[in-house]
Amino acid sequence: MKNIAVFCSGKGTNLQAIIRAVKKGKLNVNLALVISDNKEAYALKRAKKAKIKNIFVDPKQFPLKADFEAKIIEYLEQEKIDLIVLAGFMRILSRDFVTRFKNRIINIHPALLPSFKGAHGIKDAFDYGVKVTGVTVHFVDELMDHGPIILQEALRVREDETLESLEARIHKIEHKLYPEAIRLFCEGKLKIEARKVKIIA
Ligand code: GRF
């Protein structure tokens, strides 16, 4: 069984969806570790409640990013982590970190990449007036919201859509798509060829 670490900075609803998928037997992984760079992250409480090892790594204690990441790597190695799942982790990982875990870090983004990268994907798409938006799960490379795409799902923006309704609909898709992408990875069904990710049936 693969050992998974989930990195979070905030609410952790995606973490919760992953926990739920594991409990329901839809996802056969060992949720070994939750790491947060934010002491107040509700994600840490969710991890604790689910009895998952959870660690706050304080960026303020490590003025150098390399030292902050070295601390995280210690924990990852202790738990023999196979896959790092970024779920609302509001920090860009260094090139060295990404290289070390090449093709073993995935991220979820609440828009259809390459559109609306960055921290406010849902609002940016909504304000732009798009008719279609969605969710992307992708491998992480050294550029933000950029690596090869694993799964995408689109939704049509309704005439009476509000930012709040759109957020709710996007999150619902996320909570389905992320466990599915993790399952595909853990079952060895993803084959990366340059920018393309083939899903092996
Ligand atoms: C999600 O919308 C995800 O796409 C983005 O950050 C948000 C995290 O939400 N990267 P949560 O902490 O999982 O509730």
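Which of the residues spanning segment 133-167 are among the β-branched types (Val, Ile, Thr) and touching a Leu at 6+ places or on another chain (Cβ under 9 Å)?
Scanning segment 133-167 gives 133, 135, 136, 137, 140, 149, 150, 157.
Enumerate the helices (runs of 4 or more DSSP H) found wholly within segment 59-139, keeping only those where 3 or more residues are of a type in the set (A, V, I, L, M).
Hits in segment 59-139: 65-78.
What tally of residues in segment 110-125 results from selecting those that are out of contact with any Phe, Trp or Tyr (no Cβ under 8 Å at 6 or more places or on another chain) and crowded, with 22+ Cβ neighbours inside 10 Å?
Here the count works out to 3.
Which residues, taken from segment 140-191, are among the small types (Gly, Ala, Ser), in a helix (DSSP H, G or I) and surrounded by fewer than 16 Cβ atoms within 10 Å (Cβ to Cβ)?
Within segment 140-191, 165, 168 meet the criteria.
If you check residue 72 against the conditions, is it hydrophobic (A, V, I, L, M, F, W, C), under 24 Å from residue 174 (Cα atoms) and surrounded by 19 or more Cβ atoms within 10 Å (Cβ to Cβ)?
For residue 72, the condition - hydrophobic (A, V, I, L, M, F, W, C), under 24 Å from residue 174 (Cα atoms) and surrounded by 19 or more Cβ atoms within 10 Å (Cβ to Cβ) - is not met.
Among the residues of segment 79-101, write down those that are more than 16 Å from the ligand (Cβ to nearest atom) and under 12 Å from the mean Cα position of the chain (by Cα).
Result: 83, single match.
Name the residue, out of 201, 194, that is farther than 23 Å from residue 6 by Cα and touching a residue at least 40 places away in the same chain (Cβ under 8 Å).
So the residue among 201, 194 that is farther than 23 Å from residue 6 by Cα and touching a residue at least 40 places away in the same chain (Cβ under 8 Å) is 194.
From the set of residues in segment 1-32 that are among the small types (Gly, Ala, Ser) and outside any loop (DSSP other than H, G, I, E, B), which is farthest from the ligand (Cβ to nearest atom)?
Across segment 1-32, the extreme among qualifying residues is 32.
Bear in mind these aren't lab numbers, they're just calculated from the coordinates by the rules spelled out. Because the structure is a prediction, the values reported are computed rather than measured. Note that we place each Cβ from the backbone using ideal geometry, even for glycine, and neighbour counts take in every protein chain shown.
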